[in-house]
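Below you'll find the structure, written out as structure tokens, and then a few comments.
The values are calculated or read from the model by the stated rules, or taken from the named source; none is laboratory data. As the structure is a prediction and not an experimental result, all values here were calculated from the model. Here the Cβ positions follow ideal geometry from the backbone for every residue, glycine too, while neighbour counts run over all protein chains shown.
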Amino acid sequence: MTNRAFVAGNWKMNGSRADIDAFVDQLKPRIDDHLPRMAVCVPFVYVSRLAEALGGVGVATGGQDVAGETEPGAFTGEVSASMLADCGATYAVVGHSERRAMYGETDDIVVAKTRAAIAGGITPIVCVGETLEQRDADEVEAVLNRQLGAVLEGCSDEELSKIVLAYEPVWAIGTGRSATPEQAQEIHAFLRSQIAKRADTLSRSLSIVYGGSVKPDNAKAIFAGDDVDGALVGGASLKADSFADIAHAMASQSATN
Ligand code: PEP
């Protein structure tokens, strides 16, 4: 398996302390050395508890957002990267389409959060992806170029080497309709080629994961693409078994390649 392999869960606004404990209890026996890097991104209030419960399991903890500011101060409701790190997180989702669509996150905000995450010692999982209308209007590459372009322009090579990129077509998120393996590979190859224009070495080392209705039964096929390095998993990450099945699918797909 390449170093790029990565499977992360995004719990969204779900879970409780009891759910965290039960999840970790069920996940532990399913973890072994053959699995890719893994992380579970939970609501801020559960980050500490998850990080403590996962101690020694070999699965990282993440938040689902991070402040764009780095210095402490009058930013009511915000959580900084260094606070996340202090609570045991090493990842944060940045620019998820739900935050872009529902909370007005612009490309500039996404860049600020990406940089702030890195400055605070957190690996940002930066999400890009088109809506169905944009796909139907043949705007996929234009949209991705805009979203990714902002990150490429706003970050140094060193910062870019510390991100994970997630391709999450909005029409596939939470809909049960995932991209086909061919669609995913096509877009991942496109994203990697855009990054290669900036720095070839960077494009070869960057993890580009797919998100959008990944389940145990479609994961292995989606992971078949050479440029698909894993997944950002929403709904199916709430159950330890299905999340573990997806990570095992990544491991077995890599073994086949
Ligand atoms: C997500 O929330 O990032 C996601 C991919 O959700 P789902 O797997 O439920 O489509």
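What number goes with the only condition from (1) under 27 Å from Ala240 (Cα atoms); (2) in contact with an Asp or Glu (Cβ under 6 Å, 6 or more places away or on another chain); (3) more than 15 Å from the ligand (Cβ to nearest atom); (4) of a type in the set (A, V, I, L, M, F, W, C) that Ala189 does not pass? In the conditions (1) under 27 Å from Ala240 (Cα atoms); (2) in contact with an Asp or Glu (Cβ under 6 Å, 6 or more places away or on another chain); (3) more than 15 Å from the ligand (Cβ to nearest atom); (4) of a type in the set (A, V, I, L, M, F, W, C), Ala189 misses (1) alone. Arg198 falls short on exactly one of the conditions (1) more than 26 Å from Ala101 (Cβ to Cβ); (2) of a type outside the set (A, V, I, L, M, F, W, C); (3) under 18 Å from the mean Cα position of the chain (by Cα), and that condition is (3).
Residues in segment 83-128 that are of a type in the set (Val, Ile, Thr), closer than 28 Å to Glu139 by Cβ and not in a loop (DSSP other than H, G, I, E, B): Val93, Val94, Ile109, Val110, Val111, Thr114, Ile125, Val126, Val128.
If the condition is being surrounded by 24 or more Cβ atoms within 10 Å (Cβ to Cβ) and either near the ligand (Cβ under 8 Å from one of its atoms) or more than 9 Å from Met250 (Cβ to Cβ) (or both), then segment 211-227 contributes Gly211, Gly212, Val214, Ile222.
Residues are listed down the side, and each one gets a yes or a no for (1) at pLDDT 95 or above; (2) acidic (Asp, Glu); (3) away from the ligand (no atom under 16 Å from the Cβ):
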{"residue": "Glu69", "(1), (2), (3)": "yes, yes, yes"}
{"residue": "Gly77", "(1), (2), (3)": "yes, no, yes"}
{"residue": "Ser80", "(1), (2), (3)": "yes, no, yes"}
{"residue": "Asp86", "(1), (2), (3)": "yes, yes, yes"}
{"residue": "Gly95", "(1), (2), (3)": "yes, no, no"}
{"residue": "Ala101", "(1), (2), (3)": "yes, no, no"}
{"residue": "Glu105", "(1), (2), (3)": "yes, yes, no"}
{"residue": "Val111", "(1), (2), (3)": "yes, no, yes"}
{"residue": "Cys127", "(1), (2), (3)": "yes, no, no"}
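So is Thr2 of a type in the set (S, T, N, Q), part of a strand (DSSP E or B) and under 27 Å from Arg204 (Cα atoms) or not? Judged against the criteria, Thr2 is not a match.
The set of residues in segment 132-154 that are closer than 20 Å to Leu232 by Cα and surrounded by fewer than 17 Cβ atoms within 10 Å (Cβ to Cβ) contains only Leu132. Pick from Ala51, Ala22: which is surrounded by fewer than 16 Cβ atoms within 10 Å (Cβ to Cβ), among the small types (Gly, Ala, Ser) and more than 16 Å from the ligand (Cβ to nearest atom)? Matching residue, one of Ala51, Ala22: Ala22.
Would you be able to say whether some residue in segment 28-38 is within 16 Å of the ligand (Cβ to nearest atom), under 14 Å from Ile125 (Cα atoms) and either within 12 Å of the chain's Cα centre (by Cα) or loosely packed, with under 14 Cβ neighbours inside 10 Å (or both)? The answer is yes, given that some residue of segment 28-38 is within 16 Å of the ligand (Cβ to nearest atom), under 14 Å from Ile125 (Cα atoms) and either within 12 Å of the chain's Cα centre (by Cα) or loosely packed, with under 14 Cβ neighbours inside 10 Å (or both). So which pairs qualify, if the first residue must be in segment 156-178 and over 18 Å from Lys12 (Cα atoms) and more than 13 Å from the ligand (Cβ to nearest atom), the second must be assigned to a helix (DSSP H, G or I) and of a type in the set (S, T, N, Q), the Cβ gap must be under 8 Å, and the two must be at least 6 apart or on different chains? From segment 156-178, the pairs are Glu159/Thr114; Ser161/Ser205; Ile163/Thr114. Any residue in segment 130-147 that is assigned to a helix (DSSP H, G or I), within 21 Å of Ile208 (Cβ to Cβ) and touching a strand residue (DSSP E or B) at 6+ places or on another chain (Cβ under 6 Å)? There is at least one residue in segment 130-147 that is assigned to a helix (DSSP H, G or I), within 21 Å of Ile208 (Cβ to Cβ) and touching a strand residue (DSSP E or B) at 6+ places or on another chain (Cβ under 6 Å). Restricting segment 228-257 to residues that are in contact with a Leu (Cβ under 9 Å, 6 or more places away or on another chain) and part of a helix (DSSP H, G or I), the residue that is surrounded by the most Cβ atoms within 10 Å (Cβ to Cβ) is Ala247.
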